[in-house]
2 protein chains.
Amino acid sequence: MSAVYSIRDLAREFAVTTRTIRHYEEQGLLSPKREGAVRVFSNRDRVRLKLALRGKRLGFPLNEIRELFQLYDLAKDEKGQLMEFLAKLEKRRATLEQQREDIAVMLNEITFFSGQCQRLIASNANKEGQKAA
Amino acid sequence: MSAVYSIRDLAREFAVTTRTIRHYEEQGLLSPKREGAVRVFSNRDRVRLKLALRGKRLGFPLNEIRELFQLYDLAKDEKGQLMEFLAKLEKRRATLEQQREDIAVMLNEITFFSGQCQRLIASNANKEGQKAA
DNA sequence: ATAATCATTGACGTTTACGTAAACGAGGAC
DNA sequence: GTCCTCGTTTACGTAAACGTCAATGATTAT
């Protein structure tokens, strides 16, 4: 445990550019140690990067993700922050449930249209077959 | 049926600005008729706006949404387009399933952290109560 | 020792998705 | 008749999330 990673390690593992990782540090999502000028990433950084990328896939802006990270850190100590963190979590939950609903609808639509397409293609194939016959 | 809508009608209904709707027209997502210079939106436009906004909530770029609309239109006529449409649908499906998985994970995390928070708050409340007692 | 690879910072560029302001016309309300 | 409200176009502005050099330095491979 207590593994360390170079910027390239993480970039490879998560299929992002090193620029992205540096950008995330600039934005306060990651806070790697330094050996001289060189960034040294911990497991904590790795986890945060994973969380950030999951958020990104769902379209969450980096500053919201950063806020959640910050609140999570603060929440350990201060109590007011705990409530605030909780509130943000519930907002996030609401967004996610809206998204889940959106996804359900779109997947149904896709299944429907996909079926339509395949039937059309199949019937066209029949016509082609008849021409050939 | 065959209802018509002003730009403001749609803006109100979907809680977006008129600027957004004009932008979507510029980007080829909507194609309202005109009475003189004034846009007149049909049910088709209304549906497309709804679809576009659903896509937006899931972080899809406008040009992808436009492509799907275009392919859907073309697919009725040409057969090659049908296959292409089908392919895009499957790609979209894959993305959506990734997102669905992401959402499931995040909702679990939120439920976990939310529980943690509430327990901490409750125990703090106890301490406060003991102080008061 | 020289090339290849990895790292750094700095800074300007780009795309997306609109916001925002300017300047204007058409139709009702009072 | 003038003030709202709604509509239009043109066009510059902006925030986010990086991309893309450029210039430089430390390690490693051969």
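The values are calculated or read from the model by the stated rules, or taken from the named source; none is laboratory data. From a predicted model like this one, the values you see are computed outputs, not experimental measurements. Cβ placement follows ideal geometry from the backbone for every residue including glycine, while neighbour counts extend to all protein chains displayed.
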| query | Out of all the residues in the stretch B:42-65, is one or more more than 10 Å from every other protein chain (Cβ to nearest Cβ), over 29 Å from A:Thr95 (Cα atoms) and within 16 Å of DNA strand D (Cβ to nearest atom)? | reply | yes
| message | I want to confirm something. Restricting to the stretch B:12-41 and keeping residues that are touching a Lys or Arg at 6+ places or on another chain (Cβ under 9 Å) and within 10 Å of DNA strand D (Cβ to nearest atom), which single residue is nearest to the other protein chains (Cβ to nearest Cβ)? | response | B:Ile21
| Within the set of pairs 6+ apart or on separate chains, which have a first residue in the stretch B:46-60 that is under 16 Å from B:Glu26 (Cα atoms), a second that is away from DNA strand D (no atom under 15 Å from the Cβ) and of a type in the set (D, E, K, R), and C-beta atoms under 9 Å apart? | B:Ala52/B:Arg66
| task | Pairs only if they're at least six apart or on different chains, beta carbon under 8 angstrom, first in the stretch B:21-44 and of a type in the set (Gly, Ala, Ser), second outside any loop (DSSP other than H, G, I, E, B); list them, first residue then second. | result | B:Gly28/B:Arg66; B:Gly28/B:Phe69; B:Gly28/B:Gln70; B:Ser31/B:Glu25; B:Ser31/B:Asp45; B:Ser42/B:Tyr5; B:Ser42/B:Lys33
| task | Can you confirm whether the stretch B:58-69 contains a residue that is modelled with pLDDT of 95 or more and farther than 29 Å from A:Ile121 by Cα? | result | yes
| request: Give the residues of the stretch B:91-103 that are more than 8 Å from every other protein chain (Cβ to nearest Cβ) and under 20 Å from A:Arg48 (Cα atoms), sorted by residue number. | output: B:Glu101
| task | Considering each residue of the stretch B:9-38, count those that are within 12 Å of DNA strand C (Cβ to nearest atom) and not in a loop (DSSP other than H, G, I, E, B), and give that number. | result | 13
| Matching residues, the stretch A:10-46, being loosely packed, with under 14 Cβ neighbours inside 10 Å and either of a type in the set (D, E, K, R) or in contact with a Pro (Cβ under 6 Å, 6 or more places away or on another chain) (or both) | A:Arg12, A:Glu13, A:Arg19, A:Glu26, A:Lys33, A:Arg34, A:Glu35, A:Arg44
